[in-house]
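The structure appears below as structure tokens.
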């Protein structure tokens, strides 16, 4: 039997570092199949893309093409990333276009997107375009439709996020208001081929939702977007009325950017460009790596892969926290009885409904705070953690949070303050004081969240 590390925190760190390392984009590109890009072109390769992992993906792609002997003088490109995720590359420009921790588009994002659309629109049949699509790409790739503004898109994104909309609902509305999402990037491409490399942060890997599907020929579905705006209260609140008016006009005229969308991810646009998608990594990749690390540390491990279709109420951070607390307490009791360390590793991405009078926190911090609130006497051998693989949890500089007995004791010393923080979504300050925050810094990847329960005797 392996010697156990001295603390649950050391175990948890080893486990989540294993998860993040497994979805390192450079590693994934190096391990991808030899036919990832198909035959290399006689002409140029132009790379475009957006997301928290786009810089590392671009670096991995440059290394792969160099190893294949492709002339660097025929390679160029531009990718859009958050501040803190930039790096210097030989042929592909990495442009930092939005502040860290602020998952909203900026004028710099709009300018970078315009440059990408122009670059792929000046290619010929002997050229290859490569699009790098990763988590966080929706806010890093923005081209408001005619008549709409960047402020319109920011307002509706903020409102829906605060109302608890999940990523699918959010991106459905984004697609309907965008000239680059819902296949807009691919429709602009005049190369002979466009290969889309995807690092998925959406559970189930729906290509039309990851970064809002910039290369998927998905109908904009104005009726669905309007229904979502109605359901979450955006219309009655008067949020982004120009978007509502545009969608109502689309519905009246049966408008869709792609009226007859192909059935799958591989299709041909009007210019004759052959578009194909390849998924290089996802949440399952991270969860399996975390579980492998837990087993190597001696834990009997349960693995749960997140799947689409879970009722929205079960995805709320507070409900997830209650569930993790109950299961963790049971596993800690079993471990105390038989001496066997146990772990649960699961993936997913929680939602949070933010009140008007809110504080500062994120979905993972809210999840852990809810778990602590649910347990009167936290077991000595229990740790619960929830972390974003991108290193950003909401508009904060923390990746998420963890609670062991020491953190739970510190939080429980003032129960009224704990309950106020939970009700106001003000988790960061109280977790900071208790020592429960986890800060990794930007990781250069993004495949949603990993949750961990560890129980030891």
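Between residue 154 and residue 87, full extension at 0.36 nm per residue minus the direct alpha carbon distance yields a gain of 21.4 nm.
Nearest 5 is fine: what % of DSSP beta bridges in region 284-455 come out antiparallel, could you say? Taking every DSSP beta bridge with both residues in region 284-455, the antiparallel ones total about 75 percent. From its DSSP helices (H runs of at least four residues, each -39,500 (n - 2.57)), the chain gives a residue-normalised ellipticity at 222 nm of -11500 deg cm²/dmol. For region 217-258, dividing the convex hull volume of the Cα atoms by the residue count gives 62 Å³ per residue.
The long axis of helix 167-176 is offset from the longest Cα principal axis of the chain by roughly 20 degrees. The slack between residue 224 and residue 266, meaning 0.36 nm per residue of separation minus the straight C-alpha distance, is 12.7 nm. Scaled against the 2.2 N^0.38 Å expected of a compact globular protein of N residues, the Cα radius of gyration of region 97-191 reads 1.12.
Over region 210-334, all Cα pairs binned in 5 Å intervals from 0 give whole-percent P(r) values of 2, 8, 10, 12, 13, 13, 12, 10, 8, 6, 4, 1, 0, listed from short to long.
Label positions at residue 237 and residue 254, each projected 7 Å from the Cα along the C-beta direction, are separated by 3.5 nm.
Region 403-418 to region 113-189: how many Å between their Cα centroids? If we compute the Cα centre of each part, the gap is 42 Å.
With contacts taken as Cα pairs under 8 Å and at least 6 residues apart, the chain reaches a relative contact order of 17 percent. Once you reduce region 72-93 and region 3-66 to the center of their Cα atoms, the two points are 15 Å from each other. Its residues counted as N, the chain yields a C-alpha radius of gyration over 2.2 N^0.38 Å of 1.00.
The value for region 396-455 of Rg(Cα) / (2.2 N^0.38 Å) is 1.22. Residues 193, 456, 439, 323, ranked from the fewest to the most other C-beta atoms within 10 Å, line up as 439, 323, 193, 456. Summarised in one figure, the compactness ratio Rg/Rh of region 284-455, Cα atoms and Kirkwood Rh, is 0.95. By DSSP, the beta bridges lying fully in the chain are antiparallel in about 40 percent of cases. Between residue 14 and residue 340, the FRET efficiency estimated from the beta carbon spacing at R0 = 25 angstrom works out to 0.85.
Here, each number is a calculation from the coordinates, and none is a lab measurement. From a predicted model like this one, the values you see are computed outputs, not experimental measurements. Every residue, glycine as well, gets a Cβ built from its backbone with ideal geometry; the counts of neighbours run over all protein chains shown.
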